[in-house]
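Student: Have a look at the structure that comes next, please.
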Amino acid sequence: MLVLLGVALGARGAGAFLLHMASSCLLAPNSSLLDFQLTLVFNKNPLVCYDPDAQRYDPCDWGLLHPIATVVASGLNNGTGWVERAEARRWACRDLAPRVWATTALRRTPPQALIIASKTNNAHAPVLLTCHIWGFYPAEVTVIWLHNGDIVGPGDPPPISATPNGNWTYQTQVTLMVAPVAGDTFTCSVQHASLDQPLLVDWGPGLSLGLILKVAAATVTMVLGLSFFSVGVYHYWARPPAPGYTPLPGHNYPAGSI
């Protein structure tokens, strides 16, 4: 039948052609089968469509190829072979859908998150914080910014648009322009169906130049103090005993000190 179709299309001057049969399963949220579609496609154009309720093939091209589609549909309905093939695909779709659904739509993959800071030209908000969230499934995710523990912006955040990664996971990002000061903490809080608690990622501004110098000076002072203390302890224990002193058993002074 398909060979005859190719010959007929060639006789009409169709030239090179690609003919294939495609089937699809439309599922409900509970994984039950909503609809089954099987289509004979010619050069990306649906030619003949299978009606699962009537268990028959019908022409679905109403243009130039409609006469050929009518002939092909009649040929596929002549006998039970092609109808049985379509029904076998429909039953396979019904049986395989719950297993595929369990490993895809019902699975939970937790997200990962990272905050990256960059400079802006805005004097009032010189830092742009971008929270990157990736590797999560399903796609629904909620992201909230916190400043020193308080929610930034409206209490009810808008929906986040996630982008598919191509490996059954999703990614997204949210931004926040800030004017941080020393001691500030900005937190990206990610809520997802795979998490019992929100995923929290913190970011804080680096130390100012004056504070860095103070920390460096305190560190040098502490190191010098420990050094002098160590030298003093060593000289104390290495000094020779007083005249007439008899060392206790096991107390050995450095050679030459007695």
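Nothing in this text is a laboratory measurement; each read-out follows from the coordinates by a stated rule. Model, not experiment: these values are computed from the prediction. Cβ coordinates were reconstructed from backbone atoms using ideal geometry, including for glycine residues, and neighbour counts include every protein chain displayed.
Student: What is the order of ILE160, ILE133, fewest Cβ neighbours within 10 Å to most?
Tutor: Values: ILE160 16, ILE133 23.
Ordered by Cβ neighbours within 10 Å, fewest first: ILE160, ILE133.
Student: Let me ask another. If you average 1/r over every pair of different alpha-carbon atoms in the stretch 123-184 and take one over that average, what Kirkwood value in Å do you get? Let's see the in-between values first.
Tutor: Numbers: mean 1/r = 0.0751 Å⁻¹.
Answer for the stretch 123-184: a Kirkwood hydrodynamic radius of 13.3 Å.
Student: Same structure again: Whole number please: convex hull volume per residue, Cα atoms of the stretch 28-109, in Å³. All intermediate terms of the calculation are to be shown ahead of the outcome.
Tutor: Working: hull volume 9.4 nm³, N = 82.
Per residue, the Cα convex hull of the stretch 28-109 comes to 114 Å³.
Student: About its Cα centre, how strong a charge dipole does the stretch 2-103 have in debye, to the nearest 20, once Lys and Arg get +1 and Asp and Glu get -1 at the Cβ?
Tutor: Numbers: 8 positive and 8 negative charges, 51 e Å.
The dipole magnitude comes to about 240 debye.
Student: Calculated FRET efficiency, LEU200 and THR103, Cβ-Cβ r, R0 30 Å, to nearest 0.05?
Tutor: Details: r = 30 Å, r/R0 = 1.00.
According to the calculation, E is roughly 0.50.
Student: So, in nm, how far is label VAL71 from label ASN165 when the simple model puts each one 7 Å beyond its Cα toward the Cβ?
Tutor: Taking the two extended label points, one gets 5.2 nm.
Student: Assuming 0.36 nm per residue, please report the length gained on full extension of the stretch VAL181 to SER31 beyond their Cα-Cα distance. Please list the in-between numbers first.
Tutor: Working: separation 150, 0.36 × 150 = 54.00 nm, distance 5.17 nm.
Difference between extended and current length: 48.8 nm.
Student: How do CYS188, CYS93 rank when sorted from fewest to most other Cβ atoms within 10 Å of their own Cβ? Please list the in-between numbers first.
Tutor: Numbers: CYS188 25, CYS93 20.
Going from sparsest to densest Cβ surroundings: CYS93, CYS188.
Student: Tell me, how many Å apart are the Cα centres for the stretch 149-191 and for the stretch 35-101?
Tutor: Here the answer is 47 Å between Cα centres.
Student: For each of ASP196, ASP202, count neighbouring Cβ atoms within 10 Å of the residue's Cβ, then give the residues from fewest to most.
Tutor: Listed from fewest to most nearby Cβ atoms, that is ASP196, ASP202.
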